[in-house]
Amino acid sequence: MAKREIGEINAGSMADIAFLLLIFFLVTTTMDVDTGIARQLPPIPEDKADTDAEVKERNIFAVLINAQDKLLVNCRPMELEELREKSKEFIKSNPNDPTLPEMEEVQIDGINKPVLVSAGIISLRNDRGTTYGRYIEVQNELVAAYSELRNEAAFEYFGKRTYDELNEDQQKAIREVYPQRISEAEPKNIGGN
């Protein structure tokens, strides 16, 4: 019996095919990319000098989030559900209440009467152990407080239902009535491990 030879497989074009498949998968595959937090920081005030001014204690609304995601607002425990209303009360202020921020009467372009503007600043600080979810929830409540007050002011001063319906000059005037002053400090170990 004679041995029969097995024919060779031509592998000359295998490298080309592998290269084409590699290119195909590189072009058609999508990669997950972390985009971060979709949050726009407030702009730097145009006419204010960068100074380290002393801020009176009554003008600060201190919001702390501990490692167990519990809130401490002005040294008192608070639930997340209460934060927006308490923030609005602080931001709006009341010149007759010595526990709320000081107010200054300001004439704002576009508004034909003097307006009382609060000197209040919201200070947000979290623990290194705070979860991102809780941090974002707290930040959203604080921003929502400003949004609601700006919507109310849009109606009061310009008869529009929302701040977004105003023109650019009117929006600027409302931002002067309720400037978004949220100071975010570096995380540290607040406690509650």
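Are any of the residues in the range 81-96 polar (S, T, N, Q), within 17 Å of Leu149 (Cβ to Cβ), in a loop (DSSP other than H, G, I, E, B) and at pLDDT below 90? Yes, the range 81-96 contains a residue that is polar (S, T, N, Q), within 17 Å of Leu149 (Cβ to Cβ), in a loop (DSSP other than H, G, I, E, B) and at pLDDT below 90. The single condition from (1) of a type in the set (Lys, Arg); (2) modelled with pLDDT under 85; (3) in contact with a strand residue (DSSP E or B) (Cβ under 7 Å, 6 or more places away or on another chain) that Lys70 fails is (2).
When the residues of the range 128-157 are filtered to those that are among the hydrophobic types (A, V, I, L, M, F, W, C) and either farther than 15 Å from Glu85 by Cβ or in contact with a strand residue (DSSP E or B) (Cβ under 8 Å, 6 or more places away or on another chain) (or both), the one that is surrounded by the fewest Cβ atoms within 10 Å (Cβ to Cβ) is Ile136. Considering only residues in the range 128-164 that are of a type in the set (D, E, K, R) and either in contact with a Lys or Arg (Cβ under 6 Å, 6 or more places away or on another chain) or touching a residue at least 40 places away in the same chain (Cβ under 8 Å) (or both), the one that is farthest from Asp109 (Cα to Cα) turns out to be Arg128. Restricted to the range 5-42, and to residues there that are in a loop (DSSP other than H, G, I, E, B) and of a type in the set (Val, Ile, Thr), the residue that is modelled with the highest pLDDT is Thr29.
The set of residues in the range 43-67 being among the polar types (S, T, N, Q), assigned to a loop (DSSP other than H, G, I, E, B) and modelled with pLDDT under 90 consists of Thr51 alone.
Matching residues to (1) among the β-branched types (Val, Ile, Thr); (2) under 20 Å from Glu82 (Cα atoms); (3) touching a residue at least 60 places away in the same chain (Cβ under 8 Å); (4) assigned to a loop (DSSP other than H, G, I, E, B):
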position: Glu105; (1), (2), (3), (4): no, no, no, no
position: Gly110; (1), (2), (3), (4): no, no, yes, yes
position: Asn126; (1), (2), (3), (4): no, yes, yes, no
position: Gln170; (1), (2), (3), (4): no, no, yes, no
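The values are calculated or read from the model by the stated rules, or taken from the named source; none is laboratory data. Remember, it's a predicted structure, so these values are computed and weren't measured experimentally. Quick reminder, even Gly has a Cβ in these numbers, built from the backbone with ideal geometry, and neighbours come from all protein chains shown.
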